[in-house]
1. Among the numbered criteria (1) closer than 16 Å to W255 by Cβ; (2) not in a strand (DSSP E or B), which one does R224 miss?
2. Just checking, how many residues over the range 227-238 are assigned to a loop (DSSP other than H, G, I, E, B) and out of contact with any Gly (no Cβ under 6 Å at 6 or more places or on another chain)?
3. Quick one: which residue in E274, E286, E248 is touching a Phe, Trp or Tyr at 6+ places or on another chain (Cβ under 7 Å), within 23 Å of A35 (Cβ to Cβ), charged (D, E, K, R) and modelled with pLDDT of 95 or more?
4. Restricting attention to the range 248-262, which residues are of a type in the set (A, V, I, L, M, F, W, C) and over 16 Å from F202 (Cα atoms)?
5. Wholly within the range 43-105, which strands (runs of 3 or more DSSP E) include no fewer than the required count, namely at least 3 residues that are closer than 26 Å to D269 by Cα and without any contact (Cβ under 8 Å) to a residue 40 or more places away in the chain?
6. Examine the range 119-132 for a residue that is in contact (Cβ under 8 Å) with a residue 40 or more places away in the chain and of a type in the set (D, E, K, R), and state whether such a residue exists.
7. I need the full set of residues from the range 195-211 which are within 18 Å of the chain's Cα centre (by Cα) and either surrounded by fewer than 17 Cβ atoms within 10 Å (Cβ to Cβ) or closer than 21 Å to A156 by Cα (or both), in order please.
8. What are the residues in the range 106-122 that are small (G, A, S), in contact with a Phe, Trp or Tyr (Cβ under 8 Å, 6 or more places away or on another chain) and in a loop (DSSP other than H, G, I, E, B), if any?
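The values are calculated or read from the model by the stated rules, or taken from the named source; none is laboratory data. Note that the structure is a prediction, hence the values are computed from the model and not measured. Note that each Cβ is placed from the backbone with ideal geometry, even for glycine, and that neighbours are counted across all protein chains shown.
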Amino acid sequence: MLRRHLLLTLGGVLALSGAGLAQDAPPQPDIFLFAYDADNDSDVLSDGRNVTDQPRYDNQPFFTKDSATFLYVRDDGEQIDIYEYDIAAGTHTRITQTPENEYSPTPSPDNRTISMVFERNGSVWEIERSAPDAPRWVFEAPGVVEPVGYFARNFATGEALYWSRFGFNVAYRDADGGNHFVSGHAVPSTPHLIPGANEFSFVHRQTNEQVWIKAFDPETKAVRPLAPIVGTNANYTWAPDGSILQIEDNKLHRWREGGDGWEEISDLDAHGIEGGYRIAVSPDGERIAIVGMVAAAN
């Protein structure tokens, strides 16, 4: 069910209904890698290539701290495991090969461990790179009762923010392992640690039906609004310069604090992608990974 949920995003870009797609054959996303020039006035993306060109599901890229590789999840025909793509070498390395599925691979800053949502019990686990077949709980005691859909960790402080798959809420896990409710009506979307801060961000559907990206401060427990999402796709990411990037209607948009709202900075149609919906930016700010489908030939 989690895999199906990941494919059917809020943006509807992979929705089966009304898209003329067979019910048993949803489109399988790939990951496209681009050079990113934040100062380009016409198109911030260049030198794009499909780096996971295979017939099955590839998703959830997350760059390592040195920006040399990114982790992602791949369907190998039996289950979904974690892989790593080396940008310079152009090679793929399988990291996990467990009987269960893994999602949301998140490398630690020192790159020694990888955190993930493990289908074994729907909680957050981690592995040592040196021992990928020996996963251990991160959210163990006192345990997280509701299955985790998405999460973000602050490795420096030991804190985390996670989205509950059943409760549709976000909760904060403090450095001592205590769990604290933050907000209900949270939209299925990966929380993020905001660059240069100890705050987390998440997506919240307000009572007036507006959907906003909001910040949570673990120290004060305050929640403050940052920006409304563009359209309906709740997948977004932070760039290291503090801007937020989001894809809507197959166009890449950017929000900057103090700016004039969202601006369109690239049209993915021009880069041979359709149904783009998930995005990751490298820590050095020089590359972007975009999840979408290869555009159909005219």
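1. Among (1) closer than 16 Å to W255 by Cβ; (2) not in a strand (DSSP E or B), the lone unmet condition for R224 is (2).
2. As a first pass, look at the range 227-238 and keep what is assigned to a loop (DSSP other than H, G, I, E, B): 229-235.
From what's left, out of contact with any Gly (no Cβ under 6 Å at 6 or more places or on another chain): 229-231, 234-235.
Residues that pass the stated criteria total 5.
3. Values: E274 fails: touching a Phe, Trp or Tyr at 6+ places or on another chain (Cβ under 7 Å); E248 fails: touching a Phe, Trp or Tyr at 6+ places or on another chain (Cβ under 7 Å).
Going through E274, E286, E248 in turn, just one is touching a Phe, Trp or Tyr at 6+ places or on another chain (Cβ under 7 Å), within 23 Å of A35 (Cβ to Cβ), charged (D, E, K, R) and modelled with pLDDT of 95 or more: E286.
4. First pass over the range 248-262, keeping only residues of a type in the set (A, V, I, L, M, F, W, C): 252, 255, 262.
Result: L252, W262.
5. Details: elements: 45-50, 58-63, 69-75, 80-86, 91-94.
Qualifying strands (runs of 3 or more DSSP E): 45-50, 69-75.
6. Scanning the range 119-132 turns up at least one residue that is in contact (Cβ under 8 Å) with a residue 40 or more places away in the chain and of a type in the set (D, E, K, R).
7. Correct list: P195, E199, F200, S201, F202.
8. First pass over the range 106-122, keeping only residues small (G, A, S): 108, 115, 122.
Now narrow it down to the ones that are in contact with a Phe, Trp or Tyr (Cβ under 8 Å, 6 or more places away or on another chain): 108, 115.
If the condition is that a residue be small (G, A, S), in contact with a Phe, Trp or Tyr (Cβ under 8 Å, 6 or more places away or on another chain) and in a loop (DSSP other than H, G, I, E, B), then S108 is the only one that fits.
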